[in-house]
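In what follows, a single structure is set out as structure tokens and then discussed.
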Amino acid sequence: MSRKFQYQDDDLIEKSFNWKQMARLFTYIKPYRTEVNRVVFVMTAFGMLTKLAIPFLISMAIDRAIQPREGDPNQGLLYGIMAGMLVLYALRWWAQRYTILKTNEIGQKVIYDLRTALFKHIQGLSFRFFDKRPAGSVLVRVTNDVNSLQDLFTNGVVNSVIDIAQLLGIIVILLCLQFKLGLAVMITVPLMFVVSASLRKRIRFAWQTVRIKQSRINSHLNESIQGIRVTQAFAQEKENIGFFDGMNRSNIRSWNFASALNQLFGPVIEITSAAGTLILLLYGTHLIQSGAMTVGVLVAFITYVSYFWEPITRLGQMYSQLLISMSSAERIFEYMDEKPAVGEKPGAVDLPDVRGHVRFENVEFGYEADRPALRGIDLDIEPGMTVALVGHTGSGKSTIVNLLCRFYDTVKGRVLIDGIDVRDAKLDSLRSQIGIVLQDTFIFSGTIRDNIRYGRPDATDAEVEAAARSVRAHDFISQLPDGYDTEVQERGSALSMGQRQLLSFARALLADPRILILDEATASIDTETELRIQEALGTLLADRTSFIVAHRLSTIRHADLIVVLDHGVIVEQGNHDQLMKLPGGHYRGLIEAQYRFLSA
Amino acid sequence: MDVFRGLKAFFWQDKGFLLGSVLGLAAATALGLVYPLLLRVLIDDMIVPGEFDGLVALALLAVGIVVLKAGCQYVHGFSGGRLGNRLAYRLRNASYEKLQVLPFSFYDSARTGDLMSRLTADIEGIRNFIGFGFAQLMNTAFLVLFGFTMMAIIDWPLMLMTLAIIPVLSYVAIRFELHIHPVFRSIRAAVGRLTVSVQENIMGVRTVKSFASEKHEMNKFKGGNENYRDNHLALAAVWAKYFPVIEFIANLSVVLLLLAGGIRVIHGSLTLGSLVSLNGMLGMIVAPLWTLGFQINNYTQSKAAGERLLELLHQPVTIRSADRALELKDDNVQGHVQFEDVSFRYPNHEHQPSALLGFNLDVPPGSVIGLLGGTGSGKSTVVQLLLRAYDVGEGAITLDGVDIRHIELESLRRQTAIVFQESFLFSTTIRENIAYGQADASEEAIIEAAKLSQAHEFIMELPLGYDTIVGERGMGLSGGQKQRIAIARALLLKPKILILDDSTSALDMETEHVIQQSLRKVMAGRTTFIIAHRISSLRHADEIVVLDRGRVVQRGKHEQLLRQPGLYRETYRAQYADRPDELDAAAAGERRVSG
């Protein structure tokens, strides 16, 4: 059954949590162990104890100072108790301030470390990793998934410890104050736990369903805005409105359900707690009547019992949060466990300044195990040569340059630069000496200047301008409102494809690589720019070993060596004149075809 | 309140729920205040005098009140939830419908992120405020009013004393809000910055790796990550500064009440029960007060959200069908297009020169028109005007002699199909993408369209074939593959008018050539517009129009244009300057043969 639009959903989290994952997550908190301990100590000692002591003091004030059962009221004692309360409140003020600052500090540090570790790891991964995954899903892990652990690390850990302590503290106090009444009231605690847990679980599932539907809606909105021109050109507005209404309706239905359930939580808990209140009032007054308890203690009991709820509800929320966090953690660790397909050898050396002698020795490679993309490739390229790689889509042209840059490793054979196997060189030293101009020029947000400087951040303004002039980009840049300081960005940028291409030429020229690769770099350029690019290419190719992957004849014809590929095998190589002399040759065929298209 | 009056149409039909939400909460609050009163009765009338006759009744009454209160609370929650949800549903549908019909000129200056936040975060803000926030704001007012009235009934001097706390607490709460508001804003900015730094890194991974600039990227990321952390710490600092103070002030009021009340009890001018119940009430009043800042914030935020949403909903739809517009019937359309002295300037670009000036073109049915020119020459404008993506400034465009502004918009666009420069695919299967313009297309028709656009072969090589999900979150396709699917999408419609807006740039020449040949068959008797940079794409057009800065500089057939000096010949030379002599003669011969 096909639908007009289809969106991939996250899975519903069904399982309870994974201790191993939890333990691994906690390794990130380990460096801050002493800080955590200190906060927990401060909060338990000053924050919680003051809170628990207050109702006790109030009960004392009532029973001993205001209306003692025996003897006269004691106004002095009342002053004393109130002063004591004030001191405790002041302590609590300080303790809370300290806890808020510290828990956030710890949490943010942990999140920072975790995100840095994840990003660093992803940076080290190879193309194979990125080939398989859409950019959006990688992004979500570094941003949203890490963010969703924030609550766990800032408040979650510390608060849970404090909550458990508070719960135990209340129980102890209640039992000490009036053992029998304490026991009686506590009968309701398991009931609360059960009700709260079962309701929470349902609520959690309901909200998850809502979230999934909501993210579907967001995906659709996003793409319907981006694709609006297609929609309008194909007159699909009404159909889309119908589709969206269905989506929206289904989302609201789940939302109604979840929200109705969610709203049930508070009232149900309150009704459950009413059982406790009933016991408290009936049995409490009975105890007062029999002289086993005072009014002050009853008031204290009422306060303590109302404190009960806070930690229980919070712990329940915490548990739900933990389950959600665990699924984020799982997704993060899945990436952390990815091994880079192209790794640096332990003894890798810095590649010395490259002269540009490139050799491929019997190279074999495949993106997938059973489908070789290149077989038996032998190439010997002298420094300074311009090499054109020619062939149909999928013939292996781009694969050759990917192997040269070591974006992938060969399956068999080796790739040598100046006699050094690329696998023995440090990746950084290898790639910084190779420049690539890709078909889609990626523009980073920032100024034009920053973009040109991308490969050599320390270049001076004069050098940037010189590079732009050499590739004929200076003219259009100086016509922009802020010249070199014009802010550009990937989407919504005002640059045409051709202008972007010129920028990327300037970028490559400024980086001044010893080996230059142009990967279909001149495919989508408008006529005006085309003429400029032809001129710019001359400057770009001078004095360095270059590889050109292109469909256009004009860029290929002057190459020192033309390598013709077909289904991963080199079928011909030589210069233009040599190859044109081969009757029935591939190259000649391609050239003839191009002119035939022109005139057929 | 104008904003909420503007939004009234979206929630007023649910005024029952609105009432339920407000009254439910108010009733729950009122019942909550009864509880301390019961305590007073318990202490003063039963415990102190030692008369426990009515105890069971009192306890049951207490439980009854709790249950009733819970019920009222549920009424509030349920009504608020329903009210907000139905409002969100209507708002979302209305905004989406609006987005569907807003013209290209709107989207030229709109940003996706901004529209997205209006349809998500802003609707969310309104949902929360109308559903719950409004009731809570009312409730705070009720609570303060009822609470202090009841306290006054019990003991008015003590009430007056505690009343002093209100302005202090409100002052701090509002300052808190003022202080925290900018922090929230900079947190949003920090999140954006972090996202961009990661997003660019991932999307530009090829560039990053090929320049070996991982270290530079790491630093950029570090900046974003630190910024994110520091802003959250700044938030924590504000929180740490205010939250404990607010709690302390509230606690202080309790101490004062107990102290003053305690003395009064000692002196016999107040009962113990009254003191205990006053203490309970104070706790209840203070609790919502310190969230006052948040509630006010909630209100101002949702007001701003409402304004943004209404702004979108009130956007004028400048391109729409005229009254009594002519509805085109498929069979009657010939496809004769005429541009009569058309001039056009992009909206929002009034200070710039016209995108098209005095443009004339006669396109008889079945002809092929080629358009050539640099960036900003106006060639895309020509076809976009034909689609009525914009309306012409001066002059007119006619289809079969009828001004396109008098034709029903949908039926006009159904006669045309365009392949855009950037091939946008939706997240769904390849099959659905090809059938985008015609959902009921048969399997055979879809495959045929894919074959014509040279897409069938690579589609079949994908593991799931036509069922492969593509689009932003789906399978990554190359630029050339996307273009071929976009072409298939247009061809499936068998349009009377086909427009290819530089849509074969990512294809190799051979593939492009094969597609062109099949086009010639499919489009026989139909009208085609081709915008391209390659001479080979334009070569066979019946008329080639060369544009420069909105004006026609050359027009004619390939051979004619080659003989004239000008942009066309220059382009030809750039692309074929190195044309080998041995092929030249042959090609010339072939040309003669094919005429």
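Write out, first by first residue and then by second, each pair whose Cβ atoms fall under 6 Å of each other, whose residues are 6+ apart or on separate chains, and whose first residue, in region B:225-236, is more than 7 Å from chain A (Cβ to nearest Cβ) while the second is of a type in the set (A, V, I, L, M).
So the pair list comes out as B:ASN227/B:ALA190; B:TYR228/B:ALA190; B:TYR228/B:LEU194; B:ASN231/B:ILE187; B:ASN231/B:ALA190; B:ALA234/B:VAL183; B:LEU235/B:VAL183.
For (1) within 7 Å of another protein chain (Cβ to nearest Cβ); (2) farther than 27 Å from A:GLY316 by Cα, each residue gets a yes or a no:
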residue: A:ALA61; (1), (2): yes, yes
residue: A:ILE66; (1), (2): yes, yes
residue: A:GLY76; (1), (2): no, yes
residue: A:LEU86; (1), (2): yes, yes
residue: A:ILE106; (1), (2): no, no
residue: A:GLN123; (1), (2): yes, yes
residue: A:ASN147; (1), (2): no, no
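Yes/no per residue for (1) more than 17 Å from B:GLY283 (Cα to Cα); (2) within 14 Å of chain A (Cβ to nearest Cβ):
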| position | (1), (2) |
| --- | --- |
| B:SER95 | yes, yes |
| B:PRO103 | yes, yes |
| B:ARG111 | yes, yes |
| B:LEU119 | yes, yes |
| B:PHE132 | yes, yes |
| B:MET159 | no, no |
| B:ILE174 | yes, no |
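What number of residues within region A:397-411 satisfy the criterion of being away from chain B (no Cβ under 14 Å) and crowded, with 23+ Cβ neighbours inside 10 Å?
Result for region A:397-411: 1.
If we keep just the residues of region B:141-176 that are surrounded by fewer than 18 Cβ atoms within 10 Å (Cβ to Cβ) and polar (S, T, N, Q), which is farthest from B:GLN73 (Cα to Cα)?
So the residue we want is B:SER170.
Provide a single number: the residues in region A:255-284 that are β-branched (Val, Ile, Thr), under 21 Å from A:VAL172 (Cα atoms) and facing chain B (nearest Cβ under 8 Å).
1
Regarding B:VAL198, is this residue under 29 Å from the mean Cα position of the chain (by Cα), at pLDDT 85 or above and at the interface with chain A (Cβ under 7 Å from one of its Cβ atoms)?
Against the criterion (under 29 Å from the mean Cα position of the chain (by Cα), at pLDDT 85 or above and at the interface with chain A (Cβ under 7 Å from one of its Cβ atoms)), B:VAL198 qualifies.
For the list (1) out of contact with any helix residue (DSSP H, G or I) (no Cβ under 9 Å at 6 or more places or on another chain); (2) in a helix (DSSP H, G or I), I need the number of the one condition that A:GLY47 fails.
(1)
If you check A:THR313 against the conditions, is it β-branched (Val, Ile, Thr) and either surrounded by 18 or more Cβ atoms within 10 Å (Cβ to Cβ) or farther than 30 Å from A:LEU149 by Cα (or both)?
no
What is the residue count in region B:208-224 for residues that are buried (at least 19 other Cβ atoms within 10 Å of the Cβ) and facing chain A (nearest Cβ under 7 Å)?
7
When you scan region A:128-137, do you find a residue that is part of a helix (DSSP H, G or I), in contact (Cβ under 8 Å) with a residue 12 or more places away in the chain and polar (S, T, N, Q), even just one?
no
Being closer than 30 Å to B:LEU270 by Cα, surrounded by 17 or more Cβ atoms within 10 Å (Cβ to Cβ) and small (Gly, Ala, Ser): is that true of B:GLY131 here?
no
Looking only at region A:515-540, which residues are modelled with pLDDT of 70 or more, within 21 Å of A:ILE591 (Cβ to Cβ) and more than 10 Å from chain B (Cβ to nearest Cβ)?
The answer is A:LEU518, A:LEU537.
Quick check: anything in region B:48-62 charged (D, E, K, R) and under 43 Å from the mean Cα position of the chain (by Cα)?
Looking through region B:48-62, none of the residues is charged (D, E, K, R) and under 43 Å from the mean Cα position of the chain (by Cα).
Whether any residue in region B:245-265 is in a helix (DSSP H, G or I), without any contact (Cβ under 8 Å) to a residue 12 or more places away in the chain and of a type in the set (Ser, Thr, Tyr) is what I want to check.
The answer is no; no qualifying residue exists.
Which members of region A:110-126 meet the condition of being in contact (Cβ under 8 Å) with a residue 24 or more places away in the chain, surrounded by 19 or more Cβ atoms within 10 Å (Cβ to Cβ) and assigned to a helix (DSSP H, G or I)?
A:VAL110, A:ILE111, A:LEU114, A:ARG115, A:LEU118, A:ILE122
State whether one or more residues within region A:393-405 are at pLDDT 90 or above and not β-branched (Val, Ile, Thr).
yes
Yes or no: A:ILE203 surrounded by fewer than 18 Cβ atoms within 10 Å (Cβ to Cβ) and touching a Leu at 6+ places or on another chain (Cβ under 8 Å)?
For A:ILE203, the condition - surrounded by fewer than 18 Cβ atoms within 10 Å (Cβ to Cβ) and touching a Leu at 6+ places or on another chain (Cβ under 8 Å) - is not met.
Which of the residues belonging to region A:379-394 are of a type outside the set (A, V, I, L, M, F, W, C) and more than 10 Å from every other protein chain (Cβ to nearest Cβ)?
Of everything in region A:379-394, those that are of a type outside the set (A, V, I, L, M, F, W, C) and more than 10 Å from every other protein chain (Cβ to nearest Cβ) turn out to be A:ASP380, A:GLU382, A:PRO383, A:GLY384, A:THR386.
Residues B:LEU99, B:LEU42, B:LEU87: which one is more than 30 Å from A:SER224 (Cα to Cα), of a type outside the set (S, T, N, Q) and surrounded by 23 or more Cβ atoms within 10 Å (Cβ to Cβ)?
B:LEU42
Tally up the residues in region B:381-419 that are touching an Asp or Glu at 6+ places or on another chain (Cβ under 7 Å), within 14 Å of chain A (Cβ to nearest Cβ) and surrounded by fewer than 21 Cβ atoms within 10 Å (Cβ to Cβ), please.
The qualifying residues number 2.
Does region B:356-368 include one or more residues that are farther than 20 Å from B:PRO495 by Cα and of a type in the set (D, E, K, R)?
no
Go through (1) in contact (Cβ under 8 Å) with a residue 24 or more places away in the chain; (2) surrounded by 17 or more Cβ atoms within 10 Å (Cβ to Cβ); (3) assigned to a loop (DSSP other than H, G, I, E, B) and name the single condition B:PRO353 misses.
(2)
Could you please find all residues in region A:412-429 being of a type in the set (Lys, Arg) and either assigned to a loop (DSSP other than H, G, I, E, B) or buried (at least 23 other Cβ atoms within 10 Å of the Cβ) (or both)?
Correct list: A:LYS426 only.
Quick check, is A:ILE100 of a type in the set (Val, Ile, Thr) and within 23 Å of A:THR294 (Cβ to Cβ)?
No; evaluated as a whole, the condition is false for this residue.
Name the single residue that is surrounded by the fewest Cβ atoms within 10 Å (Cβ to Cβ) among those in region A:218-241 being modelled with pLDDT of 85 or more and of a type in the set (D, E, K, R).
A:LYS238
If you scan region B:475-493, which residues turn out to be modelled with pLDDT of 90 or more and among the basic types (Lys, Arg)?
Listed by number, the residues that qualify are B:ARG484, B:ARG489.
Being free of Cβ contacts under 8 Å to residues at least 40 places away in the same chain and over 38 Å from the mean Cα position of the chain (by Cα): is that true of B:GLY525 here?
Taking the combined requirement at face value, the residue does not satisfy it.
Is region A:372-387 home to any residue that is out of contact with any Gly (no Cβ under 9 Å at 6 or more places or on another chain), free of Cβ contacts under 8 Å to residues at least 60 places away in the same chain and in the same structural domain as A:PRO513 (by TED's automatic domain parsing)?
no
The values are calculated or read from the model by the stated rules, or taken from the named source; none is laboratory data. Remember, predicted model here, so these are calculated numbers, not experimental data. Every residue, glycine among them, receives a Cβ derived from its backbone with ideal geometry; neighbour counts consider all protein chains shown.
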